[in-house]
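Asker: One structure follows; several queries about it will come next.
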Amino acid sequence: MSGVDPRRWLRDARRAVARLPSMRMRRIPDAPAMPVRDLWPGDAERGSRLLSGELEFGGAVRPLPLGGWHALTGSNPLRAAAHSFVWIRDLRDLGTDAARLRARALVSEWIANPPTDAIAHRPDVIGARITAWLGTYDFFAATADDAFRQRMMARLVADARSLSAALPAEEFDARSLTALKGLIAAASALPDQAGFLTRALRFLPQEITRQVLPDGCHVERSPAAQLSALQDLTEIRSLLQAAQTQPPAALANAIDRMAPALRVMRHGDGGLALFNGSKEASATLIDTVLTQAGRGGRGPSALPDGGFQRLQAGRSVAIVDCGAPPPIGVDRNAHAGTLSMELSIGRDRLIVNCGAFPAGPAEWRDAARATAAHSTVVIADLSSSEIKAEGLGRRPSIVAAQRQEANGAHWLETHHDGWKKPFGAIHRRQLYMAESGEDIRGEDLIESADPQAFTLRFHIHPDVQTSLQQDGESVLFRLRSGGFWRLRADGASLKLEESIYLGGAEPRRSEQVVLYGYPDGPQQVKWAINKVG
C-alpha cells in the first residue's frame with residue numbers, strides 16, 4: 001500500500017461495505033419516525049423559476065427540467081446545489097399543488113436513476129440532501145403514495161449509511177458541518193439507527209473546535225461561510241433537542257460566539273459584506289438565523305482572530321478585511337482582498353467589493369477573487385495573494401491592525417506584506433471616520449525601496465449614480481435614497497471606469513473610481529469621502 005493514504009483507504013472501504021445489500025436495514029420505515037423541521041425561509045421567485053425548469057444559484061441559471069438530472073452541467077458549486085435539494089424550500093414557499101408535484105417528480109426521478117456525478121455523492125451534498133428531504137417531507141412527500149414514500153425512505157437509509165461510512169469528511173471547511181448535520185437528521189428520523197448519532201457526535205466537537213475561531217469567526221473568514229456554518233450548527237442543536245439528546249457543550253458555545261460575529265459582517269441593508277466568496281444573501285434569512293441562534297443585540301466592533309474591523313458612526317458602516325487569508329485546506333473560496341473595505345450609508349451600499357460568482361465559469365470566478373475586484377490597492381496588476389483553483393498560493397504572512405476610538409470617532413491603521421516577495425513592498429492603509437459618520441478619510445501608502453506603479457480602486461454599488469467632476473479630482477455620488485456624497489483624492493490621477501457587481505442574484509454593470517499612481521510619483525494617496533449638503 002505504498003503511497004496510499006491509509007485514512008482515505010479506510011474511508012473508501014467503509015463506504016464499500018455500507019453499500020453491501022447484507023448491511024442494509026431489513027425493514028425500511030414507511031415514514032420518518034420523528035418530524036424534522038426546516039427552519040429557514042425559501043424564495044418564491046426562485047421557486048417560480050424551478051416550476052419553469054430553471055435552477056438559479058450563485059448568480060448562474062441552469063436548466064433543471066424533468067428528466068434532466070443526467071444532463072445537468074455547470075460549475076461544481078452549482079451541481080452540488082442541484083443535487084443537495086435545498087431548493088425544495090423555494091417550491092414550498094410557492095405553496096401550490098404545482099410546486100408540490102414538481103418537487104415530488106424531481107425527487108422521484110433522482111431516486112429512480114441516481115446521477116453518476118461524483119458531486120451528488122459527496123458527504124456534504126448527501127448531508128444537505130438528507131436534511132432537505134426530511135425537512136420538507138410534509139410539503140412534498142407526506143401525501144404521496146406508499147410506493148413513492150417507500151422508495152424515498154430506502155434512499156435516505158442508503159445515503160445515511162454511506163454518509164456515516166464517509167466520516168470524517170475529507171473537506172476541512174464548512175462542508176463537513178453540513179455532512180454531520182445530515183447524519184444527525186437521519187438519526188432523528190430513523191431512531192433504530194442509533195449508530196448514526198453516536199458517530200456524528202464523535203466528530204462534531206472536534207470539527208467545531210477546528211472551524212470556529214475564539215472570537216466566533218469561521219475559519220474560512222467568509223461572511224457566507226459564517227452564515228452557512230451558523231445555520232448548520234443551529235439546525236444541529238434543534239435536531240438534538242427534538243431527539244432529547246444533550247448537545248455537546250462546544251455546540252452551544254460556538255453558536256453563542258458565531259451569532260455576534262455574524263453581525264459584524266452585516267451592512268445597513270441587513271445583507272452580508274462581500275469578502276472571500278460572499279454574496280449579499282437575504283436579510284430575512286440572516287434575521288431568521290440570528291433569531292434561531294438566540295443572540296440579540298449588536299455585535300462587537302472587531303473580530304481580532306477573524307481579522308475584520310467594523311467602523312460605525314452615525315448612519316455609516318465601514319467593514320475592513322484586516323486579517324491574513326485563511327490557511328491551506330480551508331481557502332478554496334478565499335479572495336486576494338487583504339485590506340479591502342466596504343462602506344454603506346444607512347441602507348445604501350456605496351463602496352463595495354465586486355462580490356463572488358461561485359457558480360459561474362472558472363475565469364469569472366478567478367477574476368472576482370483577484371485583488372483588482374476589491375476596493376483596495378493593487379501593485380503592478382499583481383494580486384496580493386496568488387489565485388489558484390484549489391485556494392491561494394503566495395499570500396501575506398503578516399497582516400496587522402491597530403485601532404483607536406475617542407468621542408465616537410474611529411482611527412484604524414493596517415498593513416500587509418503580500419507584495420514583499422515579488423516587489424519588496426508593504427501596503428499600509430489608514431482610515432478615519434468622524435463621530436458623525438459623514439467624514440471618512442484614508443491614506444494608502446506603498447512602502448518600498450523601489451517605487452512601484454500601483455492603482456487604488458473603489459468599486460461602486462450599481463444603485464449609486466456617479467459623475468466625474470470638472471476638476472478631475474473628485475467624483476460625486478448620488479445614493480439610491482437621494483443623498484449626495486463626494487470622493488476626493490490627492491497623489492494620483494483619478495478616472496471613472498466600468499466594473500461589475502456580483503453581490504446580488506445576477507451580475508450587474510457598475511462603475512469604479514480608479515486612482516493611478518506611478519513609479520516616478522508619490523507612493524501614497526490621500527482620499528476623503530464626505531456627505532454633501
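Asker: So the label point goes 7 Å from the Cα of LYS420 along Cα→C-beta, right? Which residues of segment 292-330 then have their backbone N under 18 Å from it?
Answerer: 322-328
Asker: If you stretched the chain out fully between ASP287 and ASN530, how much longer would it get, using 0.36 nm times the residue separation minus the C-alpha to C-alpha distance?
Answerer: 84.4 nm is the gain from fully extending ASP287 to ASN530.
Asker: If each of SER397 and GLU45 carries a label point 7 Å out from its Cα toward its Cβ, how far apart are those two points in nm?
Answerer: 4.7 nm
Asker: For segment 170-300, what's the relative contact order in percent, using C-alpha pairs closer than 8 Å and at least 6 residues apart?
Answerer: 26 percent
Asker: Would you mind counting up the charge near PHE196? Only other residues with Cβ under 13 Å from its Cβ, with Lys and Arg at +1 and Asp and Glu at -1.
Answerer: +2
Asker: Shifting gears a bit: Could the peptides 68-77, 251-260 be put in order, highest first, of the mean number of other beta-carbon atoms found within 10 Å of their residues?
Answerer: So the peptides 68-77, 251-260, ranked by packing, come out 251-260, 68-77.
Asker: Compute the distance in nm between two label points, each set 7 Å from the Cα along the Cα-to-Cβ direction, one at MET34 and one at GLU506.
Answerer: Placing both labels 7 Å beyond Cα along the Cβ direction yields 4.4 nm.
Asker: Suppose only helical runs count, i.e. DSSP H with n ≥ 4. What mean residue ellipticity at 222 nm does that imply for the chain under -39500 (n - 2.57) per run, divided by all residues and rounded to the nearest 500 deg cm²/dmol?
Answerer: When only DSSP H runs of four or more count, the value is -10500 deg cm²/dmol.
Asker: With only Lys, Arg, Asp and Glu charged, each at its Cβ (+1 for the first two, -1 for the last two), find how big the charge dipole of segment 471-525 is about the Cα centre; round to the nearest 20 debye.
Answerer: Its charge dipole is roughly 340 debye.
Asker: Measuring from a point 7 Å past the Cα of ALA243 along Cα-to-C-beta, which residues in segment 190-220 have an amide N at less than 18 Å?
Answerer: Only 190-208 pass the distance filter.
Asker: Between ASP269 and THR198, how many nm apart are label points set 7 Å from Cα along the C-beta direction?
Answerer: 5.1 nm
Asker: While we're on this one: Per residue of segment 366-372, in order, report the coupling 6.51 cos²θ - 1.76 cosθ + 1.60 (Karplus, θ = phi - 60°) as ³J(HN,Hα) in whole Hz, putting x for Gly and Pro.
Answerer: Values per residue, Gly and Pro as x: 5, 4, 5, 8, 5, 4, 4 Hz.
Asker: Considering Cα pairs under 8 angstrom that are at least six residues apart, work out the relative contact order of the chain and quote it in whole percent.
Answerer: About 11 percent, as a whole number.
Asker: Next question, about the same structure. Please determine, in degrees from 0 to 90 and to the nearest 10, the orientation of helix 6-18 with respect to the longest principal axis defined by the Cα atoms of the chain, where the helix direction is its Cα long axis.
Answerer: In the chain, helix 6-18 runs at an angle near 40 degrees to the longest axis.
Asker: A further question on this structure: Mind sorting out which of (1) 44, 24, 22; (2) 38, 28, 20; (3) 47, 35, 17 is the real semi-axes √(5λ) of the Cα gyration tensor in Å computed from the coordinates?
Answerer: Only one listed value fits the structure, namely (1).
Asker: Estimate the FRET efficiency between GLU390 and THR466 by the formula 1/(1 + (r/R0)^6), using the beta-carbon distance for r and 30 Å for R0, to the nearest 0.05.
Answerer: Between GLU390 and THR466 the formula returns 0.25.
Asker: What are the radius of gyration and Dmax of segment 23-148, computed over its Cα atoms and given in Å?
Answerer: 14.1, 44
Readers should treat all values here as calculations from the given coordinates under stated rules, not as data from a laboratory. In this text, all values refer to a predicted model and were calculated from it rather than measured experimentally. Virtual Cβ from ideal backbone geometry, glycine too; neighbours counted across all protein chains shown.
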